[in-house]
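Please treat every number below as a calculation from the coordinates, not as lab data. Quantities reported herein were computed from a predicted structural model and do not represent experimental measurements. Positions of Cβ are backbone-derived with ideal geometry, glycine not excepted, and every protein chain shown enters the neighbour counts.
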Amino acid sequence: MLSSNLGYPRIGPNRELKWILESYWSKKINQETLFKEISNIKKNNWIKQKNAGLNIIPSNDFSLYDHVLDLCLTTNAIPERFKKLKKNNPLDLYFAMARGFQNGKLDIKAMEMTKWFDTNYHYIVPEFKPNQKFNLYFSKIIDEFLEAKNFGIITRPVILGPISFLHLGKTTSKFDKFTLLKKLLPVYKRIFSLLKKFGADWIQVDEPVLSLDLEKKIHSKFISAYNFIRKDSPSILLTSYFSSSLTNFNLLKKINVSGIHLDLVNTKAKDLTKIIRKFPKNKVLSAGIINGRNIWKNDLLNSINIIKKIKKKIPDDKLIISTSCSLLHSPVDLSKEDKIDRNIKDWLAFSDQKIKEVVFLRNFFNSSFLKNSHFLTKNIISIKNRTKSKLIHNTKVKKRIKSISSKLLKRNNNYFLRKLIQSDLNLPLFPTTTIGSFPQTKEVRKYRLDFKKKIINAKKYEAFLKNETKKAIKFQEAIDIDVMVHGEFERNDMVEYFGEQLEGFIFTKYGWVQSYGSRCVKPPIIFGDISRKNSMTVYWSKYAQSLTKKIVKGMLTGPVTILQWSFVRDDQAREITCKQIALSLLDEVLDLEKNGLKIIQIDEPALREGLPLNKNEWNSYLKWAIDSFKIASSSVKDETQIHTHMCYCEFDDILDSIEKLDADVISIETSRSNMELLDSFKNYKYPNSIGPGVYDIHSPRVPSFKEMKLLLEKAQKYLDKDKIWVNPDCGLKTRGWKEVKKSLKLMTSVAKSLR
Ligand code: GLN
Ligand code: ZN
């Protein structure tokens, strides 16, 4: 039996990757220094894993920006518009593909980026054209294998498989991208034979699309592709992860490879029994037992029992204990966290700790000395402490969850009546508003940091925030916006701000995970039952409202988004955790209402991204996700107008769920796609009011009067005039005041011209 890891975090224990990349981009270091520093990160990662006692260590899991982008370069799938840069330095070509390129007249758009399955990691989307050619253009995978070999480590190189590579890409025109497979496979074959020549025994080929519902026609592609590339190759370990191993298991069994990795974390116990029974005799099983994408300590006794079950059918020399997926999605090292509650810290495991767990499980079965090991005893105690801890369980919250009735999920009256009642708000036709945040300038961030570091006191910080809020209100009054916002200057992040004020959350100091390129996020950890101690937003909303006669919207982050952007406890259903957040938000909503806020917005940008990978699980997710929003929003008076906001994705396939939220108004991102979303309203009548974003806030560009007007005219074709709101497509916190002022001024004048 062996131990392995599918991938190690790239960012380094102190986000070294981020600092190195950003220094290079801002020309503070040269390429030579960059490579030297990067090589150190890789070396440390390998040595760390080796010293931990791991048998199989990955290489080529590292990437300077993204592993899918690496593969585009490796196979020469470089979009036409970058070809001009091929003469340049290859590194700059690589970064241009990721981030775009501007130099004088030359302005090349970056490749698109999108979410990696249901994680918060983003990959670069390959672009394929009909006459696409592939050849081995970039030898990174081979270089990295040799680099590790130089340190005396024979690694198992990782590569994204050919079917997933094509599947995840987009095409420049309409054609079946799988027709390109024939041309792509020789590149894989060439890489594999080179790796074999240089001494690789195994290669890990990731095919995460095996976690999706696949069309039948792809099955035969899998079979023939692997028949072709396995000749003259190191032994292939084919991996699937992120959903139950039962998904596509029948296909997996038939693919001609030497080993199969399965995600056992997402596999139900009864399904595991089936899988072990049918597992092909001649193949190695890599059992993904340690969760690669959470932060919780593994229940080792439970894992030991699972392995015992597996061992009944699979011989020791065909079994590998592994992480369920790459550790890319887990922070690096827990040991540095010196500020979190010691009890809670004892329940956690980051990547380095997870590797120790993998190694332990393997050793446990290979040596009789470990039956009573200290590591195991300590683990048993931690797991027990966590189950029983008073920190986690709050009887009041549990009771409240049980008492949720259908009444809590419904407004008093339907939208038609509410709209009449809400006419007291006295809003004009095409009311204007924004999504919530105003620019988080350098100054705002500096004040927050200084306050955090205790360089300035609370009084000074608050005075500053008040002044910013006041300026924002003054500005909105000056351009005559109908529904105002306070500007969110007091918020660092839309989830963290709430997490910090709720019971059941903790925050780490170093718990960073990569989001894309040099960007990392530090999700809060939900460890226990959630409740609200005090009001969270009333102070600022009320203050803003006191400055103006116009209506100010209260501004909250919705339950699904808070859940989705946190590390969530694994000892109860996500549904329950989400509803606990919803109940806390309900208290806040009622508090805002009591304090005179007539409109309250509850943002749910992550509603769509929470959708499970497999369609058969969509309905149950959507049910509790929508119910959670309704719990938070439905108990207000009919006079109180509820808004919601969504962005970052296509909504076409969940429009009916959005309707079920029954928000009075939804503002939604559409402008980047030229209001393509509106086309879905041709056949589908959205009953409530809607603010289709009239301009894209993701670039500093100021939209023209004409283009906003055209968009709103298009909107009127599909939506009732008296139900259209006018707003940008997302919050303005990443923008500068200069362009915000110009854009919003134009926006209000467009609305006026339409009235
Ligand atoms: N109210 C938030 C803001 O304006 C919404 C952010 C979002 O949609 N991601 O910043
Ligand atoms: Zn948004």
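Report Rg/Rh for the stretch 686-755, rounded to two decimals, where Rg is the Cα radius of gyration and Rh the Kirkwood radius.
Rg/Rh for the stretch 686-755 comes to 0.97.
Enumerate the calculated ³J(HN,Hα) couplings along the stretch 135-148 in order (Karplus 6.51 cos²θ - 1.76 cosθ + 1.60, θ = phi - 60°), each rounded to whole Hz, writing x wherever the residue is Gly or Pro.
So the Karplus estimates, Gly and Pro as x, are 7, 6, 10, 9, 9, 3, 4, 6, 4, 5, 4, 5, 4, 5 Hz.
Count neighbours as other Cβ atoms within 10 Å of each site's Cβ, and list the GluC sites (Glu not before Pro) in the stretch 621-711 that are DSSP loop with at most 14 such neighbours.
E639, E650
Taking the Cα centre of the stretch 342-492 as the origin, how large is its charge dipole in debye, to the nearest 20, when only Lys and Arg (+1) and Asp and Glu (-1) carry charge on their Cβ atoms?
Dipole of the stretch 342-492, to the nearest 20 debye: 1140 debye.
Cut-off is 10 Å between beta-carbons; in what order do F629, F228, F498, F505 appear when sorted fewest neighbours first?
Placing the least packed residue first, the sequence is F228, F505, F498, F629.
May I ask you to derive the relative contact order of the chain, considering only C-alpha pairs under 8 Å and at least 6 residues apart, and to give it as an integer percent? All intermediate terms of the calculation are to be shown ahead of the outcome.
Numbers: 1362 pairs, mean separation 87.9, N = 755.
This gives 12 percent for the chain.
Whole-Å semi-axes of the stretch 47-102's equivalent ellipsoid, largest first, each the root of 5 times a Cα gyration tensor eigenvalue? All intermediate terms of the calculation are to be shown ahead of the outcome.
Values: eigenvalues 197, 23, 14 Å².
Square roots of five times the eigenvalues give 31, 11, 8 Å.
Suppose R0 equals 35 Å. What FRET efficiency, 1/(1 + (r/R0)^6) with r the Cβ-Cβ distance, do N534 and S753 give to the nearest 0.05?
The computed FRET efficiency comes out at 0.20.
Taking Cα pairs under 8 Å and at least six residues apart, what relative contact order does the stretch 3-135 come out at, in percent? Working shown, then result.
On the way: 130 pairs, mean separation 29.9, N = 133.
Across the stretch 3-135, relative contact order equals 23 percent.
Return the long-range amide H neighbours of V284 (sequence gap of 5 or more, or a different chain), with a cut-off of under 5 Å between placed amide H atoms.
When sequence neighbours closer than 5 places are left aside, the close amide H contacts are G259, I260.
Amide H of I551 versus every other amide H placed in the peptide plane: which residues, excluding those fewer than 5 positions away on the same chain, fall under 5 Å?
Hits under the 5 Å cutoff: M484.
Of S704, F681, Q716, which is farthest on the positive side of the dipole of the stretch 664-755, counting Cα position, with +1 on Lys and Arg Cβ, -1 on Asp and Glu Cβ, and the Cα centre as origin?
Farthest along the dipole direction, towards plus: S704.
Between L590 and K399, what is the label-point separation in nm under the 7 Å Cα-to-beta-carbon projection?
For the pair K399/L590, the computed spacing is 1.5 nm.
For the stretch 268-316, what D do you get in µm² per second when you plug the Kirkwood radius from alpha-carbon pairs into Stokes-Einstein at 25 °C and 0.890 mPa s?
Rounded to a whole number, D works out at 206 µm²/s.
If contacts are Cα pairs under 8 angstrom and at least 6 residues apart, what is the relative contact order of the stretch 372-528 in percent?
Worked out over the stretch 372-528, it gives 21 percent.
Using the Cα centre of the chain as origin and beta-carbon charges of +1 (Lys, Arg) and -1 (Asp, Glu), tell me which of S584, F101, P728 is placed farthest towards the positive end of the dipole.
After comparing all options, I get F101.
Could you state the angle between the C-alpha long axis of helix 351-366 and the longest principal axis of the C-alpha atoms of the chain, as a value from 0 to 90 degrees rounded to the nearest 10?
40
With θ set to phi - 60° and the Karplus curve 6.51 cos²θ - 1.76 cosθ + 1.60, what are the ³J(HN,Hα) couplings of the stretch 273-279 in order, to the nearest whole Hz, using x for Gly and Pro?
4, 4, 5, 5, 4, 9, 5
Net charge within 10 Å of N343 by Cβ-Cβ distance, Lys/Arg positive one each and Asp/Glu negative one each, not counting N343 itself?
+2
Give me, ordered by chain and number, the residues 5 or more places off L6 or on other chains with an amide H under 5 Å from its own placed amide H.
For L6, whose amide H was placed from the backbone, the distant partners under 5 Å are T323, L327.
Eigenvalues of the Cα gyration tensor times 5, then square-rooted: what semi-axes does that give for the chain, in whole angstrom, largest first?
In descending order, the three semi-axes are 45, 31, 26 Å.
How would you rank D587, D213, going from fewest to most other Cβ atoms within 10 Å of each one's own Cβ?
Least to most surrounded, the residues fall as D213, D587.
Per 0.36 nm of contour for each residue apart, how much would the distance between S620 and E650 grow if the chain were fully extended, relative to their Cα-Cα spacing?
Working: separation 30, 0.36 × 30 = 10.80 nm, distance 2.00 nm.
Taking S620 through E650 to full extension adds about 8.8 nm, to one decimal.
Grab the alpha carbons of the stretch 507-618, take their convex hull, and tell me the volume per residue in Å³.
Output value, Cα hull per residue: 156 Å³.
How much FRET efficiency would the formula 1/(1 + (r/R0)^6) give for E80 and K706, where r is the Cβ-Cβ distance and R0 is 41 Å, rounded to 0.05?
About 0.85, to the nearest 0.05.
Given the stretch 621-755 reduced to its alpha-carbon atoms as identical point scatterers, what log10 I(q)/I(0) does the Debye formula return at q = 0.20 Å⁻¹?
Values, matching the q order: -1.22.
Could you give P(r) for the stretch 1-69, binned at 5 Å from zero, as whole percent values over all Cα-Cα pairs?
All Cα pairs, binned at 5 Å, distribute as 3, 16, 25, 22, 16, 9, 5, 2, 1, 0 percent.
How large is log10 of I(q)/I(0) for the stretch 200-272 at q = 0.11, 0.15, 0.18, 0.20 Å⁻¹ when the intensity is taken from the Debye formula with one equal scatterer per alpha-carbon?
Rounded to two decimals, the profile gives -0.26, -0.49, -0.69, -0.83.
Per residue, how big is the convex hull around the C-alpha atoms of the stretch 463-568? Give it to me in cubic angstrom, could you? Don't skip to the answer; put the middle values down first.
On the way: hull volume 14.7 nm³, N = 106.
Expressed per residue, the convex hull around the Cα atoms of the stretch 463-568 is 139 Å³.
Based on the alpha-carbon gyration tensor of the stretch 362-470 and its eigenvalue square roots a ≥ b ≥ c, which shape applies: rounded if a/c is under 1.5, prolate if not and a/b is larger than b/c, or oblate?
Note, shape of the stretch 362-470 comes out oblate.
Over every pair of different alpha-carbon atoms in the stretch 1-124, take the mean of 1/r and invert it; report that Kirkwood radius in Å.
Kirkwood radius, the stretch 1-124: 16.2 Å.
Could you give the spread of the C-alpha atoms of the stretch 232-370 along their three principal axes, from largest to smallest, in whole angstroms?
Principal extents (largest minus smallest coordinate, Cα): 50, 34, 33 Å.
Would you calculate, for the chain, the mean residue ellipticity at 222 nm contributed by helices, counting each DSSP H stretch of 4 or more residues as -39,500 (n - 2.57) and dividing by all residues, to the nearest 500? Don't skip to the end; give the middle numbers.
On the way: 27 runs with 307 residues, N = 755.
Helix-only estimate at 222 nm: -12500 deg cm²/dmol.
Rounded to whole Å, give me the distance from the Cα center of the stretch 533-589 to that of the stretch 247-271.
40
Charges at C-beta only: +1 for Lys and Arg, -1 for Asp and Glu. How large is the resulting dipole of the chain about its Cα centre, in Debye rounded to 20?
1160
Applying the Karplus parametrisation 6.51 cos²θ - 1.76 cosθ + 1.60 with θ = phi - 60° to the phi angles of the stretch 459-473, what ³J(HN,Hα) value in whole Hz is obtained for each residue in order, glycine and proline being reported as x?
4, 5, 4, 5, 4, 4, 4, 4, 5, 4, 4, 4, 4, 5, 5
Going by alpha carbons, how many degrees (0 to 90, nearest 10) lie between the helix axis of 90-99 and the longest principal axis of the chain?
40
If you line up the long axis of helix 618-633 against the longest principal axis of the chain, both from Cα atoms, how many degrees apart are they, to the nearest 10?
30
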